[in-house]
Each structure stands twice: as structure tokens, then as C-alpha cells.
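Only one structure is covered here, and it is reproduced in the block below.
Bear in mind these aren't lab numbers, they're just calculated from the coordinates by the rules spelled out. Note that the coordinates shown come from a computational prediction; the quantities given were computed from them, not determined experimentally. Note that each Cβ is placed from the backbone with ideal geometry, even for glycine, and that neighbours are counted across all protein chains shown.
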Amino acid sequence: MNFRMTHSKGNALFLILIAVALFAALSYAITTSSRSGGRGTSAENARLVAGQIFQYASEMRAAVQRLQLINGCTLEQISFYKAGEPLHITYYANPNAPADGRCDVFGPDGAGLTYVPQWMGWNEYNTYDNYTHAAWETEAATGRFIPEGRGQFYDVGTMYGTELTVNTYYVNEELCRAYNRLAIQTTDIPPGYLPGFYGSWMGAFVGDGVNDSHAATTAPVLLGEVTACVENKHVPGVYGMYFVLVER
């Protein structure tokens, strides 16, 4: 997980190329769906949903980096709080965020990113009801984009450095494979630990600087990858996507 500037530049170029390919893929999917009267195949639908998840996570990454570069925000000041969302006061009210709102991802004085409460098709591809959960996992149950400060990824950022990510959990195998085909050019699903399904960002990184084995993703295929879908090592059949917003 050694930091190299070439990786940051490579990741940025990769995301730009993916965005171009994604635009073409989405255009094709929409055209195909229109020609078939909106009755796309399951594989086409999965690719479309995967593309929209990737696109919005990319927009969130750009928003966070804009707050850093233009508004002078530190990562610890970044806020994903959205007024009116019932669980946000508990999980996303960052006490470090400036009162003027300049570090708010969704605020008009911050990045002004449009808030998307759920990714399209979450109900069709969600597997949450197949498992028993703790109360704090409810936010992850309904197709949410979950910002978290617990996650270590192979050759992304510094050794044992915890990254700020946005994740989505409890997707089924079909959507997971479609996402990886787009993000890492394979339909394989590597094993890994996602940050723990905590669903919380309040301005602090968990496990930073130490080997946080419960939040590490080290499969060789994920070397230097800022986004992918993985299968939980402890619970087979549980899949989720991570997307690193900033490499630290």
C-alpha cells in the first residue's frame, strides 16, 4: 500500500476513461431499452444500475476533492449531512464541519451535489432481508450511498492509511459482477472486508495507521483499485461496493 504519485495520476486518468465509456454504455442501454419498449434483459438492467452507482460515486469523489481544493476543507471537516434525513443527525452530523456550510457535500455553500437517497433499482438487487442485522445497519438496508472513514485498500494511499470511502451494501451477485466488469474489467468477485457496514462518517478515521484487518481489502486483483465490488470474507453471499473518495 505504498503511496506513489503515479497511482494518483493513473487513477484520475482511469476514472476519466471510465466516465467516457460509461456515457457510451448508458446511452446504448437507454437506446436498447427504448427500442424494446423498456423491457431490457436482466443483464442489461444490471449494467445500467452498476453504471449509475459508479457515476454518482464519481460525482461524490469530485465534490469532496472540490471542497478540499477550492474551499480549503480538510477531510475531517467534510460533511455528508442532509437535513430532513432521519438517520443523518445520528450518523453524519460532523461536529468538525464549519458552521458556514463551506465543507458540506450537499449544501449550497459547499459542493452543492444533488442528494440521491437511493440508487436506482436497489429494491430489485438488494439482499438485506436475507440476513439478520443490528439496528445500526438500517441505513445500509435501503440502497443508500454510505460515506465511511474505515477502510484500507491494497496499494491505495499510504501503508495502513484509512481512506474516506462511499459504499453501498447488500447487493446481489449479478449486480456485483456487472459493477466489477465496469470498474475493474472482470466479472470475478474478490473476497474482502468492507469497512464494517457501520454507515457512519462524523469526521474521524477508524483504525488509521494500524493494520485494521476488519477493514482491509488485499486481493491481488484489487491492487491500486479505488473501486470494486467484493464478497464479505466472513459472510459468503454478502456483497458490497466501495469507492475511495480521496487517497490519503
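With a cut-off of 11 Å between beta carbons, the residues surrounding Ala178 carry a summed charge of 0, where Lys and Arg count +1 and Asp and Glu -1.
Length available on full extension from Ala204 to Thr158: 0.36 nm per residue minus the Cα-Cα distance, which gives 14.9 nm. The gain in end-to-end length when the Ala83 to Arg248 segment is fully stretched comes to 56.6 nm, 0.36 nm per residue minus the alpha carbon separation.
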